[in-house]
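Written below as structure tokens is the structure these notes are about.
The values are calculated or read from the model by the stated rules, or taken from the named source; none is laboratory data. What you see is a predicted model, and the numbers here were worked out from it, not measured in a lab. In this analysis, Cβ positions are derived from the backbone assuming ideal geometry, glycine residues included, and neighbour counts consider all displayed protein chains. For accessibility, only protein heavy atoms count, side chains too; no ligands or nucleic acids. Shrake-Rupley method; radii C 1.70, N 1.55, O 1.52, S 1.80 Å.
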Amino acid sequence: MTRSTQPAASHFVNGAYLEDSAGAAMEVIYPATGEGIARLHEATRDVLDQAIDGARAAQAEWAVRSGMERGRVLRRAADIMRDRNRALSELETRDTGKPLSETLVADATSGADALEYFGSIAAGLTGEHIPLSGGDWAYTVREPLGVCAGLGAWNYPTQIACWKAAPALACGNAMVFKPSEVTPLCALKVAEILVEAGAPPGLFNVVQGTGDVGGPLTTDPRVAKVSLTGSVPTGRAVYAAAAGGMKHVTMELGGKSPLIVFDDSDLEDAISGAILGNFYSSGQICSNGTRVFVQAGIKEAFLARLTERLENAVIGDPLDEATHFGPVVSETQLQIVLGYVAKGREEGARLVRGGDRLDRPGSWIAPTVFADVTDDMTIAREEIFGPVMSVLDFDDEDEVIARANATDYGLSAGVYTRDLQRGHRVLGRLQAGACYLNSYNDAPVEVPFGGTKHSGVGRENGHAAIEHYSQLKSVYVRMGATEAPY
Ligand code: NDP
């Protein structure tokens, strides 16, 4: 592996790459081999200040452009991303280890969809006219918030940057984005492309580092909003920090979502959903249906066919398009996943397949399935964020709904059944923000996405995201005299 992935500099601030070698060094590792592929520096206080001040200046200029003009820039950026999909996908694969067969269709393409969608609705972000008694009236103006901070997780670095930047910029905000320190490369490309598409320098800045760099962004008085994609513990810390400055927040956090398979479901389809919802991106997806509740009568048939189909997974070089399944993102994450597998064994779950580290360089574990999992086991309660499926048995509808809801998480839920009335009835009672009927893990940009309970606050995507990147000003207009009592 060459260092062709080495960016021109660590940060992208005020429309250009910026280096400050006084920041602590960050080595970027290709998870498939464990090799270093780039060396960056964490942002210093000076870099952060330049980014926030640059964003403030750009935001003032950007906010007075019409929605039509802002939208045009975003749509141009979407076109550029699509034109460069292959190069961006290869970078995403090197940054995360996800196979090219996924990144070609799920990362820059998803980012481009967000830029196009929010670019297309930017011109329509208007207020309303409210008629009042006596000929008086009021109007509302949809205003931007100002400078928004984006904090990203490592599983979808391009998509997360775009899902945050697109609605923020469409509404007239600027952004300072801090990617995960584990996957710092892709967001830099998003910043480059936005400038090329006509965004003013400073509108979208990328600063590198750990939570120590993200922390100051959550408390800085120049920042109006914080949008985090990350774990629940980080969400709690960031939410609390942002509350001190009464900042707006969006929290896209973790989950332990139920995927319920009734005995009347199309078994092949249900297994496809369980595979996508547990092993795509090597299981590193927040909305995964990692508690697979299978109705008792079909459990063994489900497990037998699932195991058979998992044998067809091509595990190998992520840069080979024939590969289905890559490593997890880092050695640290692999150790976390192996720790959960050990817990599953210790606590009496039946290991059906996988479970061991693969004997090759890099951070690899095969798709892993546990059966006979019970609700109290650690692997059924905690988010693993790796390719580990827990299969639990159930007998009837009321029982499975109660058990599915018995968690602090509430991100996603899926139901497989041929009985559509039952499907809607069950989803109506499940406590989750993103639900799927006879499907799993679709995330088109047109549809709001986000969690309930501890899985999040606010929504990304869809028109709903606009509410989280703008605020309404109401203007009351009196058409007659102002009547005072004295
Ligand atoms: P983390 O919560 O560890 O980190 C998320 C981001 O926040 C990183 O950039 C991290 O920096 C930063 N950060 C950490 N602490 C602070 C702090 N105190 N102040 C400011 N920033 C901070 O998540 P991971 O990167 O490990 O990602 C995995 C998690 O993300 C899982 O729980 C997953 O469910 C969730 N996720 C949720 C999604 C959703 O849409 N709901 C989608 C994808 C993932 P650094 O790590 O570099 O130190």
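Annotations
- Counting only alpha carbon atoms, the long axis of helix 45-63 and the longest principal axis of the chain meet at about 60°.
- When both bridge partners sit in the chain, DSSP labels roughly 40% of those beta bridges antiparallel.
- Axis angle, to the nearest 10 degrees, between helix 108-121 and the longest C-alpha principal axis of the chain: 40 degrees.
- Ordering 470, 439 by accessible surface, largest first, gives 439, 470; the 1.4 Å probe counts only protein heavy atoms, with every chain in place.
- For the chain, accessible area per residue (1.4 Å probe, heavy atoms of protein chains only), Å²: 38 Å²
- Over 29 Å between alpha carbons, listed pairs 256/299; 98/256; 178/256; 247/343; 98/343: 247/343
- Accessible-area ranking of 27, 143, 311, largest first, probe 1.4 Å: 311, 27, 143
- The alpha carbons of the chain give a radius of gyration and a Dmax of 23.6, 87 Å, in that order.
- Of all DSSP beta bridges confined to the stretch 190-317, the antiparallel ones make up roughly 0%.
- Degrees separating the helix 299-310 axis from the principal Cα axis of the chain, which is the longest one: 70 degrees
- Across 186, 286, the residue with the most accessible area heads the list, and the full order at a 1.4 Å probe is 286, 186.
- The chain - mean residue ellipticity at 222 nm from DSSP helices (-39,500 (n - 2.57) per run, n ≥ 4, rounded to 500): -11500 deg cm²/dmol
- Förster-model FRET efficiency, 60 Å R0, residue 346 and residue 418, C-beta, rounded to 0.05: 0.95
- In this view, the solvent-accessible surface of residue 116, computed with a 1.4 Å probe and all protein chains in place, comes to about 80 Å².
- Backbone N under 20 Å from the residue 263 label point (7 Å along Cα→Cβ), restricted to the stretch 299-326: 299-306
- Residue 8-residue 212 pseudo-label distance in nm [points 7 Å out on the Cα-to-Cβ vector]: 2.8 nm
- Computed from the C-beta positions of residue 84 and residue 402, the FRET efficiency with R₀ = 51 Å rounds to 0.55.
- Relative pair counts by distance (%), Cα atoms of the stretch 65-180, 10 Å bins: 14, 36, 27, 13, 6, 3, 1
- Residue 231-residue 375 pseudo-label distance in nm [points 7 Å out on the Cα-to-Cβ vector]: 2.5 nm
- When peptides 96-102, 366-372 are sorted by average Cβ neighbour count within 10 Å, with the highest value leading, the order is 96-102, 366-372.
- Here is the P(r) of the stretch 360-486: all C-alpha pair distances, binned every 10 Å from 0, give 10, 29, 28, 14, 7, 6, 4, 2, 0 in whole percents.
- Taking only protein heavy atoms and a 1.4 Å probe, the accessible area of the stretch 241-379 is 53% carbon and sulfur.
- Heavy atoms of residue 30: accessible area, 1.4 Å probe, square angstrom to 10: 10 Å²
- Bins of 5 Å, starting at 0 and running to the largest distance - Cα pair percent for the stretch 282-392: 2, 12, 23, 24, 21, 12, 5, 2, 0
- Extension gain for the segment residue 139 to residue 120, taken as residue separation times 0.36 nm less the Cα-Cα distance, is 4.5 nm to one decimal.
- Of all accessible heavy-atom area on the stretch 383-486, the percent that carbon and sulfur account for (1.4 Å): 51 percent
- If the chain linking residue 17 and residue 57 were pulled fully straight, counting 0.36 nm for each residue of separation and taking away their Cα-Cα distance, it would gain 12.6 nm.
- Reciprocal mean inverse distance between Cα atoms of the stretch 22-98 - Kirkwood radius, Å: 15.8 Å
- Residue 79 contributes an accessible area of around 90 Å² to the protein surface, as traced by a 1.4 Å probe with all chains present.
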